[in-house]
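Here's the structure we're looking at; comments come further down.
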Amino acid sequence: MAVSSTAGLVFTVRRKTPELVAPAKSTPHEYKPLSDIDDQEGLRFHIPVIQFYRKDGAMEGRDPVKVIREAVAKTLVWYYPFAGRLRELGAGRKLMVDCTGEGVLFIEADADVTLDHFGDALQPPFPCLDQLLYDVPGSGGVLDCPLLLIQVTRLGCGGFIVALRLNHTMSDAPGLVQFMEAVGEVARGADSISVQPVWQRELLSARNPQHVTCTHHEYDEVPDTKGTIIPLDDMAHRSFFFGHKEVSALRKFVPPHLQDKCSTFEVLTACLWRCRTIALQPDPEEEVRILCVVNARGKFNPPLPVGYYGNAFAFPVAMSTAGKLCQNPLGYALELVMKAKADVTEEYMRSLADLMVIRGRPHFTVVRSYLVSDVTRAGFRDVDFGWGKAAYGGPAKGGVGAIPGVASFYIPFTNKNGETGIVVPFCLPGPAMDRFMIQLDSMLNSKNPTKNGKTSITSAM
């Protein structure tokens with residue numbers, strides 16, 4: 001039993017002993033190597049996802065814990081690598097899945113709270129996450145540990161919460177959603193799944209011989225000479241909503257020659273990168289970076305096969321001195337972001353896989369870096385276990401990863417007024433968060449964007 005609270009809400013979570021859910025039928029015992037994109041250092045961590053479901057009268061008498069547990073076991077027959085364990089075998093820290101069939105961790109829980117108690121707007125951060133997704137001791141390692149942890153928590157209102165933790169080396173967001181949708185199909189009574197999983201990780205493995213043909217500044221070795229990695233103490237977690245009104249306000253800062261060329265993702269990313277840099281107050285001569293997660297599935301010719309559930313993305317980077325980023329209008333940052341995204345091609349991905357092998361699978365640069373990942377089209381909210389679509393579905397918090405505080409997600413969201421848009425969980429030290437909010441508010445409420453387009457780092461203190 002554990003007591004947790006969120007926004008003044010206090011409730012009790014009762015958990016049963018965690019269990020291993022194995023595939024419902026016998027599966028092959030074999031070794032499956034990950035791709036050279038999968039096993040890079042920056043993906044060797046567990047990423048949390050959470051989904052909230054409302055009561056459905058049509059499902060009266062059905063237990064979501066039992067339904068989902070049985071569906072997971074059946075789905076693992078197709079996705080049996082998830083039931084295995086990672087081993088580091090061979091030269092160069094190469095990761096392989098030992099398909100042991102041991103299973104994934106599953107936790108059954110009950111909470112004496114209703115979905116309505118979480119408030120009108122379900123959005124990160126969820127301070128209760130440590131109880132809704134219990135960190136089973138010894139389960140959080142990369143090697144020799146369960147690759148998935150799933151907790152299903154019944155609520156007093158008849159709704160429930162599905163929280164999940166994935167070893168990121170196995171899948172990216174589209175790959176994880178593909179698995180979860182398969183679980184949903186089986187939970188709703190299907191005898192087979194509509195999208196068959198495709199392993200084929202060799203499609204994103206290094207060439208022989210390896211040859212780096214593109215520039216990959218996202219893996220530069222940058223020393224933290226001025227102590228600029230964000231400290232873990234005094235971290236503030238907030239979420240920011242960007243609907244049509246907010247995006248329109250930010251677009252007023254976009255120069256005319258870019259208005260018809262830039263996406264909402266690019267405008268929002270440029271804005272957040274700039275505001276975040278101002279808030280952190282780096283030395284104006286220091287180099288700062290923005291890394292954009294770009295899905296590369298469609299960049300290949302032919303495209304990666306439907307059903308491929310490995311990591312298939314890159315971290316292209318834009319760089320600038322802090323002074324130039326903060327003192328120039330938004331268009332400066334925007335052009336840098338647009339160019340970085342455009343760099344990702346099939347050859348870029350081939351070059352990246354080669355670099356991973358040549359350089360020993362390095363971590364992406366985190367010193368003075370900010371990373372954004374757009375999961376608005378991933379489909380977390382659409383996963384249906386029989387109770388309909390999720391009231392909220394997506395990453396459980398921002399700032400996750402081996403280096404907390406570096407990453408933000410763009411999550412599809414409908415606010416309490418019924419407006420659709422994007423919610424962005426954000427993680428910064430307390431004083432920097434205050435400065436960030438002031439800077440962002442000044443852009444969202446500016447009466448004269450052309451005059452408000454330049455900001456010095458010192459003026460934002």
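Candidates in region 422-441 are the residues that are in a helix (DSSP H, G or I) and under 22 Å from the mean Cα position of the chain (by Cα); of these, the one that is nearest to GLU246 (Cα to Cα) is PHE436. Among the residues here, PRO449 does not qualify as open to solvent by less than 50 Å² (accessible area, probe 1.4 Å), assigned to a strand (DSSP E or B) and at pLDDT below 95.
Here ALA173 meets the list (1) touching a residue at least 60 places away in the same chain (Cβ under 8 Å); (2) of a type outside the set (Phe, Trp, Tyr); (3) in contact with a strand residue (DSSP E or B) (Cβ under 7 Å, 6 or more places away or on another chain) almost entirely, failing just condition (3). Can you name every residue in region 101-130 that is open to solvent by 30 Å² or more (accessible area, probe 1.4 Å) and touching a Gly at 6+ places or on another chain (Cβ under 6 Å)? Within region 101-130, ASP112, THR114 qualify.
The set of residues from region 167-179 being touching a helix residue (DSSP H, G or I) at 6+ places or on another chain (Cβ under 9 Å) and closer than 16 Å to VAL77 by Cβ comprises just one member, PHE179. The residue of region 49-100 that is nearest to PHE179 (Cα to Cα), among those that are without any contact (Cβ under 8 Å) to a residue 60 or more places away in the chain and open to solvent by less than 40 Å² (accessible area, probe 1.4 Å), is LEU76.
Candidates VAL183, VAL198: the one that is of a type in the set (Val, Ile, Thr), open to solvent by 10 Å² or more (accessible area, probe 1.4 Å) and under 30 Å from LYS74 (Cα atoms) is VAL198.
The values are calculated or read from the model by the stated rules, or taken from the named source; none is laboratory data. Just so it is clear, the model here is predicted, and its values are computed rather than measured. Quick reminder, even Gly has a Cβ in these numbers, built from the backbone with ideal geometry, and neighbours come from all protein chains shown. Accessible surface is based on the protein model in full, side chains and every heavy atom, while ligands, DNA and RNA are left aside. Shrake-Rupley method; radii C 1.70, N 1.55, O 1.52, S 1.80 Å.
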